[in-house]
Every structure is written in structure tokens, then in C-alpha cells.
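One structure below.
Values quoted throughout were computed directly from the atomic coordinates according to the rules given, and no laboratory measurement underlies them. Please read these numbers as outputs of a predicted model, since none were measured by experiment. Neighbour counts run over all protein chains shown; Cβ positions are idealised from the backbone, glycine included.
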Amino acid sequence: MSDGLPIDVPGKIICVGLNYRDHAEESGATPPEVPVLFGKWPSSLVPHGSPVIIPAGVEKVDYEAELAVIIGKEGTDISAADAFDHIAGYTCFNDISSRADQALDGQWTRGKSYNSFGPVGPRFVPADELNDPQNLEIICRLDGEVVQRSNTKNMIFTIPEIIAVASRATTLRPGDLIATGTPGGVGMSFTPPRWLVSGSTVEVEIEGIGTLSSPVIAEAQK
């Protein structure tokens, strides 16, 4: 693997928005009727233990604990029934997001794609080592405090449903990463909001995979 990552750098990262009902509700959005897909640039990826670096001037930076699916077999227009045949394995993912940029742009890609805004790890778990990826506890801790706790069974759209929809739009190739969405409890949902700042440590723990830990560094204004 390159650059200390537990996976090869993917050709594409496909993310699923609002895929847990409680997160949709805390975002003020109606739970979607079809998977909401968007892209995140692969250059955002960093491994377990590497810092999330917030560029100077980037504001309201948030965490999102997610289960990541790694594609192992190429396919287009994959049926939900065949979806698991195309999965190589799983890992933890943190979809770091600038809420300020999301609001400014009216879409999500730029604010989620800064370098280091895609922590991934701590390890790659082959598909046959997880009995049921649709029933895994998922936790996020900010400075040791649990801020997100859910289970992948609470996804609105299952992993096979996501793969079926994504593969109708684009050919999925080995190494592609699909981030399956985050549960409620992101930083913007708190009063006051709990943004990532210099000195923070954010952890994503998923049952059967491990804990992905990322220190946070904010660059000084120039």
C-alpha cells in the first residue's frame, strides 16, 4: 500500500449523504428517497495516526464517522443481489468536512476534499472476515468523549443498494472506495457546535475493524 494507507489510493471515492435518518434530521433535511451520491477527491486520504490539517481560513470543520467499502471486482449496473461479490473488504473512514465551504458552495465536494480530510484505516479487513457488515457498531470520539454512536443496520440504504445505484452511474473498479454515510451526532448538531480545532483528536471505531485516530492541526493565518 502507498503512503502508509491500508488500501491503494482509489481511482474514486464515492460518498453517500444523509444515509442515517438521525443525521438527515439534525441537518434539517428530509431523509432521501434514493441514495445521495457525491465525490471526494482521493488526494484527501491520509492514514491512521496522520494529522488532519485545517488550512488557514477554512472554517467550521466537522467529523463524520463512516464505514468504507472497498471494491474488489469491476462492475457496471451491478444488481443488489450480486453486490457483495464485488466487495474486497472494509475499513474505517472519517469524512472531514468544512461546513462553511458547503454552505458557500451549495454542494459538498470542495469542502470535503482538502488534503488530509479523508482519514482511512487503521486496517483493511477482507470481506470474508466480517460476518455482517450491515450490523456493526460505529462510534466517534472527540477528545475521548463519545459524540456519535450507532450501528450500520441503521443505514437508510444498505450497502448492496448503494452499490447498485452507484454502478448504474459509473463503472466500479478495484480499489474504489465507497463511504456509506454517517450517523447523527456530528459537530454541527451540538449547541454550541463542536468544530475540530488544533489539539483535538478524533477517533472512528467500527466493530470488527478497529479504531482510526487522527490528531488535528490548524494552520495559522498567513
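The ranking of 26, 129 by Cβ neighbour count inside 10 Å, starting from the fewest, reads 129, 26.
Find out how many positive minus negative residues lie around residue 145, taking Lys and Arg as positive, Asp and Glu as negative, among other residues whose Cβ is under 14 Å from that of residue 145. Its environment carries a net charge of 0. Between residue 76 and residue 100, the contour length at 0.36 nm per residue exceeds the Cα-Cα span by 5.1 nm.
If you take the alpha carbon atoms of the range 13-218 and fit the smallest convex hull around them, that volume is 105 Å³ per residue.
Measuring how big the range 117-162 is from its alpha-carbon positions, Rg and Dmax come out at 12.6, 34 Å. For the chain, the longest principal axis of the Cα atoms and the long axis of helix 159-169 meet at an angle of about 90 degrees. On the beta carbon distance between residue 169 and residue 8, with R0 = 22 Å, the FRET formula returns roughly 0.50. For the pair residue 27 and residue 137, the difference between a 0.36 nm per residue extended length and the Cα-Cα distance amounts to 37.4 nm. The lysines within cross-link reach of residue 12, meaning a Cα-to-Cα straight distance under 19 Å and a gap of 8 or more places when in the same chain, are 40, 73, 112.
The Cβ shell under 13 Å around residue 74 holds other residues with a net charge of -1, Lys and Arg each +1, Asp and Glu each -1. Between the range 198-222 and the range 8-25, the C-alpha centres lie 18 angstrom from each other. For the range 13-218, give me the percentage of DSSP beta bridges that are antiparallel, rounded to the nearest 5 percent. Of those bridges, close to 80 percent are antiparallel. Residues in the range 111-123 carry Karplus couplings, in order, of x, 10, 10, 4, 3, 6, 8, x, x, 9, x, x, 8 Hz; the curve used is 6.51 cos²θ - 1.76 cosθ + 1.60 with θ = phi - 60°, and Gly or Pro positions show x.
Suppose we take every Cα in the range 1-118 and form the convex hull; what volume per residue is that in Å³? Please report the intermediate quantities before stating the final value.
Working: hull volume 14.5 nm³, N = 118.
About 123 Å³ per residue, rounded to a whole number.
Below 10 angstrom from the Cβ of residue 11, what's the summed charge of the other residues (Lys, Arg +1; Asp, Glu -1)?
Working: positive: 12, 173; negative: 8, 176.
Counting the neighbours of residue 11, the net charge comes to 0.
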